[in-house]
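Take a look at the structure set out below.
The values are calculated or read from the model by the stated rules, or taken from the named source; none is laboratory data. The structure presented is a predicted model; accordingly, all values stated were derived computationally and were not measured. No Cβ is skipped: glycine too gets one built from the backbone with ideal geometry, and neighbour counts run over all protein chains shown.
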Amino acid sequence: MQDNLDYTLFSWSKQKGQNPIAVKHAEGVYLYDYDGKRYIDFSSGLMNVNIGHGNQRITDAVVKQMQEVSYVTPSCVTKVRGDLGKKLAAICPGDLNKAFFTICGATSIENSIKLARLYTGRHKILTRYQSYHGSSNGAMTASGDPRKLAVDSQQAPNFVHFDLPYLYRWEYGEENLLKESVASLERVIAYEGAGNIAAILLEGESGSSGCLQYPVGYLKAVRSLCNQHGILLIMDEVMSGFGRTGKWFGFENHGIIPDMIAMAKGLTCGYLPFGCLMVSDTIAAKYDDTVLALGLTYSAHPVACAAALETLKIYEDDNLIENAAAMGSYVTAQVELLKQKHPSIGNFRTTGLLGCLELVKNRTTKEPMAPFNAKPDEMIVMNKVAAKIKELGMYTFVRWSYIFICPPLIVTKEQINEGLDIISKALLIADENIAR
Ligand SMILES: Cc1ncc(COP(=O)(O)O)c(C=O)c1O
């Protein structure tokens with residue numbers, strides 16, 4: 001612990017006052033620390049360990065690949081690279097058949113932005129304020145997430161954000177939400193000049209911004225606006241992909257097919273860092289006779305490809321995507337019961353197992369337990385809730401007024417009950433802070 005604190009830096013936080021869990025080993029949905037304390041992992045790491053921890057099939061696949069060859073340059077080919085490309089093409093709908101392998105989510109996003117600009121000859125990228133796409137320069141700028149505000153002066157040019165409200169905090173009726181969301185996007189396109197817009201980049205389903213689901217019909221409308229104006233549609237499936245929402249990809253809940261898919265996280269479930277940008281045949285065809293100006297030393301890393309290929313087999317062999325859909329429904333039903341006990345639960349949104357609770361101080365006014373981009377002194381109650389969750393043996397992501405419920409897709413009903421029981425106990429702290 002001391003060496004970690006003395007010699008390493010921690011993401012997104014003040015370096016003093018860290019109190020991390022020292023994980024000795026992990027298996028299934030559980031993490032274990034050096035004192036033998038068990039934590040149920042209700043955020044699947046960072047919503048990436050979809051197959052659960054410690055799956056030896058991945059270890060075996062990785063070891064086998066390393067015994068054959070660990071690294072080749074991206075200009076060489078390996079059997080595993082071809083096998084993985086073919087498998088991804090089979091999983092992806094439409095003509096999304098060409099894989100450019102990357103290293104993580106941000107490198108998938110950076111390459112999608114670069115390729116969209118190269119392919120269309122246009123420069124602007126439109127994205128939602130309520131989004132996160134990564135922390136590298138372009139991906140950070142593409143994000144609307146306030147984590148980027150600390151480095152505001154470093155934002156890259158030619159990104160335009162638009163607002164997309166969500167139902168729980170929209171006061172003017174569900175049908176008007178769709179109408180107004182589409183109309184406001186149409187206005188942004190007109191203001192920015194449709195002919196200048198290379199792509200619209202959206203999460204397949206909203207993740208760390210609070211699972212702020214799309215209005216029904218919204219992505220279909222976006223797809224048709226893109227078609228109308230020759231704008232590419234890029235879906236960021238880094239968090240929502242690979243079964244998390246009860247489908248291979250989040251956008252499949254909305255009946256659309258994008259032009260590119262940015263992938264990472266659930267592709268290897270964190271066993272190794274890896275990512276992929278899946279591109280349509282139409283886009284790829286342009287580069288049959290034109291140089292494709294993308295490249296990474298670790299593109300198509302054989303060991304990462306082996307981990308990904310085995311991961312994809314596990315989703316299928318163990319019916320994990322079906323389980324995510326079924327367990328998502330189960331969580332929803334159980335949270336309905338929790339709502340009766342806990343006045344601090346304002347809203348619960350989940351698609352499959354990509355979900356979160358939104359806590360409020362008052363159900364009528366919907367005043368949040370902590371505001372958007374809460375300052376430390378506005379997080380006092382939520383920090384106590386988070387501390388209780390941890391004390392009671394759960395690891396999960398607590399942000400502003402949100403408690404994420406995103407366990408690995410292998411989770412059982414009993415384990416969901418165990419996790420919700422911990423959350424229920426911690427919610428007593430929030431309930432005490434209800435403004436009546
Ligand atoms: C939707 C989405 N896109 C992109 C990223 C960036 O991925 P990475 O941290 O692997 O760069 C994340 C990370 O949380 C994400 O949630």
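Side notes on the structure shown:
- Qualifying position, being within 16 Å of the ligand (Cβ to nearest atom) and modelled with pLDDT of 95 or more, among Asn50, Asn55, Asn97: Asn50
- Condition check for Pro258: within 11 Å of the ligand (Cβ to nearest atom) and either touching a residue at least 12 places away in the same chain (Cβ under 8 Å) or touching a His at 6+ places or on another chain (Cβ under 8 Å) (or both): no
- Residue check for Thr365: part of a loop (DSSP other than H, G, I, E, B) and more than 19 Å from Gln415 (Cα to Cα): yes
- Filter result (in contact with an Asp or Glu (Cβ under 8 Å, 6 or more places away or on another chain) and either touching a residue at least 60 places away in the same chain (Cβ under 8 Å) or more than 19 Å from Ile434 (Cα to Cα) (or both)) within region 370-393: none
- Residue match in region 300-318 (condition: in contact with a Gly (Cβ under 6 Å, 6 or more places away or on another chain) and either part of a loop (DSSP other than H, G, I, E, B) or not charged (D, E, K, R) (or both)): yes
Yes or no, residue by residue, for (1) surrounded by fewer than 24 Cβ atoms within 10 Å (Cβ to Cβ); (2) among the acidic types (Asp, Glu):
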{"residue": "Gly241", "(1), (2)": "no, no"}
{"residue": "Glu252", "(1), (2)": "yes, yes"}
{"residue": "Met263", "(1), (2)": "no, no"}
{"residue": "Thr268", "(1), (2)": "no, no"}
{"residue": "Cys276", "(1), (2)": "no, no"}
{"residue": "Ile283", "(1), (2)": "yes, no"}
{"residue": "Lys286", "(1), (2)": "yes, no"}
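- Considering Thr102, Thr107, the condition of being among the hydroxyl-bearing types (Ser, Thr, Tyr), at pLDDT 95 or above and touching an Asp or Glu at 6+ places or on another chain (Cβ under 9 Å) is satisfied by Thr102 alone.
- A search for C-beta distances below 8 Å between a residue of region 93-121 that is over 17 Å from Asp236 (Cβ atoms) and of a type in the set (Val, Ile, Thr) and any residue that is part of a strand (DSSP E or B) and more than 16 Å from the ligand (Cβ to nearest atom), counting only pairs 6+ apart in sequence or on different chains, returns Thr120/Ala198; Thr120/Leu232.
- Close pairs from region 67-91: first more than 20 Å from Glu252 (Cα to Cα) and touching a residue at least 60 places away in the same chain (Cβ under 8 Å), partner among the aliphatic types (A, V, I, L, M) and in a helix (DSSP H, G or I), Cβ under 8 Å, at least 6 apart: Ser70/Val303; Tyr71/Val303; Val80/Ala306; Val80/Leu309; Asp83/Leu309; Leu84/Ala308; Leu84/Leu309; Leu84/Leu312
- Boolean, Arg122 is touching a helix residue (DSSP H, G or I) at 6+ places or on another chain (Cβ under 6 Å) and away from the ligand (no atom under 16 Å from the Cβ): yes
- Leu31 meets all of the listed conditions (1) surrounded by fewer than 17 Cβ atoms within 10 Å (Cβ to Cβ); (2) touching an Asp or Glu at 6+ places or on another chain (Cβ under 9 Å) but one, namely (1).
- Sub-7 Å Cβ pairs linking a first residue in region 275-297 that is touching a residue at least 12 places away in the same chain (Cβ under 8 Å) to a second residue that is of a type in the set (Val, Ile, Thr) and part of a loop (DSSP other than H, G, I, E, B), at least 6 apart or interchain, are Gly275/Ile103; Leu296/Ile103, ordered by first then second residue.
- Among helices (runs of 4 or more DSSP H) entirely within region 131-233, having at least 1 residues that are touching a Gly at 6+ places or on another chain (Cβ under 6 Å), within 16 Å of the ligand (Cβ to nearest atom) and under 22 Å from Thr350 (Cα atoms) singles out no element at all.
- For the residues Gly243, Gly195, Gly270, Gly210, the requirement of being farther than 19 Å from Ala324 by Cα and either small (Gly, Ala, Ser) or in contact with a Leu (Cβ under 7 Å, 6 or more places away or on another chain) (or both) singles out Gly195.
- Qualifying residue in region 211-223 (condition: within 28 Å of Leu294 (Cβ to Cβ) and either among the charged types (D, E, K, R) or over 21 Å from the mean Cα position of the chain (by Cα) (or both)): yes
- Taking region 213-225 as the range and being crowded, with 22+ Cβ neighbours inside 10 Å and of a type outside the set (Ser, Thr, Tyr) as the test, the residues that pass are Leu219, Val222.
- Candidates Leu338, Leu354, filtered to the one that is crowded, with 24+ Cβ neighbours inside 10 Å and either among the hydrophobic types (A, V, I, L, M, F, W, C) or closer than 26 Å to Glu432 by Cβ (or both): Leu354
- Helices (runs of 4 or more DSSP H) fully within region 1-105 that include at least 1 residues being of a type in the set (A, V, I, L, M), over 20 Å from the mean Cα position of the chain (by Cα) and closer than 30 Å to Asp281 by Cβ: 56-68, 79-91.
- Filter pass, Gly36 being at pLDDT below 95 and not polar (S, T, N, Q): no
- One residue alone among Ser112, Ser70, Ser75 is of a type in the set (Gly, Ala, Ser), farther than 25 Å from Ile261 by Cα and either modelled with pLDDT of 95 or more or surrounded by fewer than 21 Cβ atoms within 10 Å (Cβ to Cβ) (or both), and that residue is Ser70.
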